[in-house]
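The values are calculated or read from the model by the stated rules, or taken from the named source; none is laboratory data. The structure presented is a predicted model; accordingly, all values stated were derived computationally and were not measured. Note: ideal-geometry Cβ built from the backbone for every residue, glycine included; neighbour counts use all protein chains shown. Keep in mind that these areas ignore ligands, DNA and RNA; they rest on the heavy atoms of the full protein, side chains included. Shrake-Rupley method; radii C 1.70, N 1.55, O 1.52, S 1.80 Å.
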Amino acid sequence: MEFKENFFAWSLGMSGKANSAEYEEGDKILLPQNVIMNLKPSEDGSPLFFKLTNQAQERSIHCGVLEFSALVGNCHLPYWMMSQLILTEGEPITVELVKEVPKATSIKLKPQSRDIMDRMSDPKAILEVKLRKYTCATMGTWFCIPYLGENIYFDVVETTPGPVVSLIDTECNLEFDLPPVRRIPAVRATSSSKSNTNEESNTESLKPLVKFPGKGRRLGHK
């Protein structure tokens, strides 16, 4: 079963669906109904995987399909995928069927900013839930994860056992590759500041010792 065609790419917001915003969380696209006639899906209900390529930018990503309801010659993508492929509304995109995608055994993600990990209460548990809305992972791309009204981004650093892996009905080891901590270099004190520090320390040493002003009591004695 072979399939490879060019379409005009549009965001999901241009699909006219009332609930298109809900589909932004995930990696599923809309394709025309005539595509399903050429694909002849397997009887066992195996998921369909597609490779999306912006030929002009030489950028690709893999995805699943949500439904076949787009107009002929058009496809609709989540906006974060269009941004990753550097696509604007109505630009051409190549959609190619991928026959075999192995199930993921491990994925390593790298947050695009370190403070993301500090803002998430339990990053691993949260991502395990969020990634259930994704069909696959492509090494060298990134995920967009909505969290508390904000979109946060994770680079896909490694995928095992291959560069493209399925996230459907699989248990995989999720790891994080944290960016290095930025260290602020120590500022050396100038000669003037050193002298001021020495003067302050000498002044402190000349201050008389102040005894504790309260009354003393012996413990354990009535």
Item to check | Checking Phe7 against (1) open to solvent by less than 20 Å² (accessible area, probe 1.4 Å); (2) in a strand (DSSP E or B); (3) within 28 Å of Lys124 (Cα to Cα), the condition it does not meet | outcome: (3)
Checklist entry - How many residues are open to solvent by less than 40 Å² (accessible area, probe 1.4 Å) and either assigned to a strand (DSSP E or B) or in contact with a helix residue (DSSP H, G or I) (Cβ under 6 Å, 6 or more places away or on another chain) (or both) if we restrict to the stretch 104-125? => result 7
Next on the checklist: assigned to a strand (DSSP E or B), closer than 23 Å to Val35 by Cβ and more than 14 Å from the chain's Cα centre (by Cα): is that true of Val95 in this structure?
Outcome noted: yes
Checklist entry - Could you count how many residues in the stretch 129-169 are hydroxyl-bearing (Ser, Thr, Tyr) and within 13 Å of the chain's Cα centre (by Cα)? => result 5
Checklist entry - Which is assigned to a loop (DSSP other than H, G, I, E, B), surrounded by 15 or more Cβ atoms within 10 Å (Cβ to Cβ) and out of contact with any Gly (no Cβ under 6 Å at 6 or more places or on another chain), of Leu87, Leu31? => result Leu87
Next on the checklist: So, in the stretch 41-82, exactly how many residues are loosely packed, with under 15 Cβ neighbours inside 10 Å and small (Gly, Ala, Ser)?
Outcome noted: 6
Checklist outcome for this item: Residue pairs qualifying under the 9 Å Cβ cut-off, at least six apart or on distinct chains, with the first in the stretch 48-71 being under 10 Å from Asp27 (Cβ atoms) and assigned to a strand (DSSP E or B) and the second being open to solvent by less than 30 Å² (accessible area, probe 1.4 Å) and among the charged types (D, E, K, R), are Ile61/Asp27; His62/Asp27; Cys63/Asp27; Gly64/Asp27
Next on the checklist: Being open to solvent by 50 Å² or more (accessible area, probe 1.4 Å) and within 29 Å of Gly162 (Cα to Cα) is the requirement here; does Lys17 meet it?
Outcome noted: no
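With respect to Leu131, is the statement that it is touching a residue at least 12 places away in the same chain (Cβ under 8 Å), of a type in the set (A, V, I, L, M), under 24 Å from Ser46 (Cα atoms) and open to solvent by 10 Å² or more (accessible area, probe 1.4 Å) true? Give the steps one after another, and end with the answer.
On the way: touching a residue at least 12 places away in the same chain (Cβ under 8 Å): yes; of a type in the set (A, V, I, L, M): yes; under 24 Å from Ser46 (Cα atoms): yes; open to solvent by 10 Å² or more (accessible area, probe 1.4 Å): yes.
Yes, satisfied.
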